[in-house]
Amino acid sequence: MLDVEAQKPPNGKWWTPPFDPRFPNQNQTRNCYQNFLDYHRCVKTMSRRGKSTQPCEYYFRVYYSLCPISWVNRWNEQIRNGTFAGKI
Amino acid sequence: MTHQTHAYHMVNPSPWPLTGALSALLMTSGLTMWFHFNSSTLLILGLLTNSLTMYQWWRDVVRESTFQGHHTAVVQTGLRYGMILFILSEVLFFAGFFWAFYHSSLAPTPNLGGYWPPAGINPLNPMEVPLLNTLVLLASGVSITWAHHSLMEGNRKHSLQALLITISLGIYFTLLQTSEYLEAPFTISDGIYGSTFFVATGFHGLHVMIGSTFLTICLLRQLKFHFTSKHHFGFEAAAWYWHFVDVVWLFLYISIYWWGS
């Protein structure tokens with residue numbers, strides 16, 4: 001679940017993340033982080049309700065496009081260790 | 001032409017500015033030695049020479065004013081400007097620390113979890129000791145106003161009583177805050193939360209101690225009949241400073257303790 005390779009959707013067209021008016025400025029850190037959080041929260045909630053996690057793919061694509069891969073790897077490592085600071 | 005024909009005070013040459021500057025050098029280099037090489041000698045020497053400078057310089061001001069009468073109306077006006085400008089500089093000093101707090105807390109970074117208070121921080125309950133501290137300082141603002149009015153009305157007993165109450169409240173605040181510091185579940189090294197909390201409240205606490213000391217000097221001077229009902233600028237300066245300390249606390253309480261929790 002936390003491994004990036006396992007999360008990659010099937011090959012095909014992958015669009016650029018759309019303009020998000022919540023993050024209008026040059027610094028897009030929060031955009032990356034928020035979508036990372038939203039993806040994991042989406043997966044957790046959908047799984048808990050026994051539903052498909054397919055709608056969560058949107059968040060995955062956005063954060064995967066925006067975030068530096070080193071951040072993603074570090075955060076996934078923290079989630080595995082239980083030291084991730086965000087609320088998921 | 002053997003006496004001055006103006007109302008200003010031409011102060012006699014004094015060694016205290018030099019000893020003050022030297023003590024500043026000893027304190028700063030002393031801090032460095034203490035931080036990096038675990039040696040307190042220079043620092044203690046600096047603190048000692050600094051205390052001696054302050055004592056002797058201000059003792060001389062009292063001698064020149066109360067005992068020699070050099071503080072005419074214009075001189076007192078200059079001192080008022082001076083105290084106001086000094087307090088203004090202190091306001092700007094604290095403004096920096098409030099800037100730092102708001103910079104970090106309004107846009108918390110991902111490594112804090114993206115929220116404030118940050119992950120893992122249990123802030124102090126603003127409705128417990130911090131609220132008591134607020135009431136203590138507000139009450140001290142009332143008592144010092146009572147002291148001032150008693151002084152202006154020539155009521156010696158009341159002015160002494162009210163000053164004593166003010167100083168006691170200041171000491172009570174310091175004791176309460178010390179206990180909070182010792183009991184707090186977080187330290188200054190707990191990320192940006194710890195840094196902003198302890199630097200801002202720490203400098204405030206230092207100013208409470210300075211203000212309490214200033215008020216104590218006023219108490220001793222009042223006991224020795226230095227003040228008159230019309231001329232007591234030393235007391236007024238102490239009162240201004242004390243109100244400033246109270247206002248800074250109110251900002252700290254609202255921003256860091258209440259909003260920041």
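The values are calculated or read from the model by the stated rules, or taken from the named source; none is laboratory data. Values in this document were obtained by computation on a predicted structure and should not be read as measured data. Ideal geometry is used to build each Cβ from the backbone, glycine not excepted, and the neighbour counts take in all protein chains shown. Just the protein is used for accessible areas: all its heavy atoms, side chains included, with ligands, DNA and RNA removed. Shrake-Rupley method; radii C 1.70, N 1.55, O 1.52, S 1.80 Å.
Do the conditions hold for B:Ser40, that is, is it within 23 Å of B:Ala238 (Cβ to Cβ), in the same structural domain as B:Gln4 (by the TED database) and small (Gly, Ala, Ser)? Even if it seems obvious, please write down each step before you answer.
Values: within 23 Å of B:Ala238 (Cβ to Cβ): no; in the same structural domain as B:Gln4 (by the TED database): yes; small (Gly, Ala, Ser): yes.
Considered against the rule, which asks whether it is within 23 Å of B:Ala238 (Cβ to Cβ), in the same structural domain as B:Gln4 (by the TED database) and small (Gly, Ala, Ser), B:Ser40 comes out as no.
Give all pairs with beta carbons closer than 7 Å in which a residue from segment B:1-26 that is over 24 Å from B:Leu48 (Cβ atoms) meets a residue that is of a type in the set (Ser, Thr, Tyr) and open to solvent by less than 70 Å² (accessible area, probe 1.4 Å); count only pairs at least 6 apart in sequence or on separate chains.
Final answer for the pair search is B:Ala7/B:Thr72.
Please enumerate the residues belonging to segment A:75-88 that are part of a helix (DSSP H, G or I) and exposed (fewer than 14 other Cβ atoms within 10 Å of the Cβ).
A:Glu77, A:Arg80, A:Asn81
So, in segment B:91-117, exactly how many residues are within 14 Å of another protein chain (Cβ to nearest Cβ) and of a type in the set (S, T, N, Q)? So that I can check it myself, show each step before the final result.
Going residue by residue through segment B:91-117, those that are within 14 Å of another protein chain (Cβ to nearest Cβ) are B:103, B:106-117.
Filter once more, keeping what is of a type in the set (S, T, N, Q): B:109, B:111.
Residues flagged as within 14 Å of another protein chain (Cβ to nearest Cβ) and of a type in the set (S, T, N, Q) within segment B:91-117 amount to 2.
Let me confirm something: among B:Ser195, B:Ser261, B:Ser189, which residue is on the phi < 0 side of the Ramachandran plot and either open to solvent by less than 50 Å² (accessible area, probe 1.4 Å) or part of a helix (DSSP H, G or I) (or both)?
Values: B:Ser261 fails: either open to solvent by less than 50 Å² (accessible area, probe 1.4 Å) or part of a helix (DSSP H, G or I) (or both); B:Ser189 fails: either open to solvent by less than 50 Å² (accessible area, probe 1.4 Å) or part of a helix (DSSP H, G or I) (or both).
Of the residues listed, the single one that is on the phi < 0 side of the Ramachandran plot and either open to solvent by less than 50 Å² (accessible area, probe 1.4 Å) or part of a helix (DSSP H, G or I) (or both) is B:Ser195.
Need a quick list: helices (runs of 4 or more DSSP H) entirely within segment B:1-109 having at least 2 residues that are at positive phi. Spell out the reasoning first.
On the way: elements: B:16-37, B:41-62, B:73-106.
Result: empty, no element qualifies.
Taking the options B:Val74, B:Val136, name whichever one is hydrophobic (A, V, I, L, M, F, W, C), touching a Phe, Trp or Tyr at 6+ places or on another chain (Cβ under 9 Å) and surrounded by fewer than 17 Cβ atoms within 10 Å (Cβ to Cβ). Explain how you work it out, then say what you get.
Working: B:Val136 fails: surrounded by fewer than 17 Cβ atoms within 10 Å (Cβ to Cβ).
Only one candidate passes the filter, namely B:Val74.
Within segment B:82-98, identify whether any single residue is farther than 26 Å from B:Gly170 by Cα and at pLDDT 95 or above, and answer yes or no.
Residues of segment B:82-98 that are farther than 26 Å from B:Gly170 by Cα, as a first pass: none.
Scanning segment B:82-98, I find no residue that is farther than 26 Å from B:Gly170 by Cα and at pLDDT 95 or above, so the answer is no.
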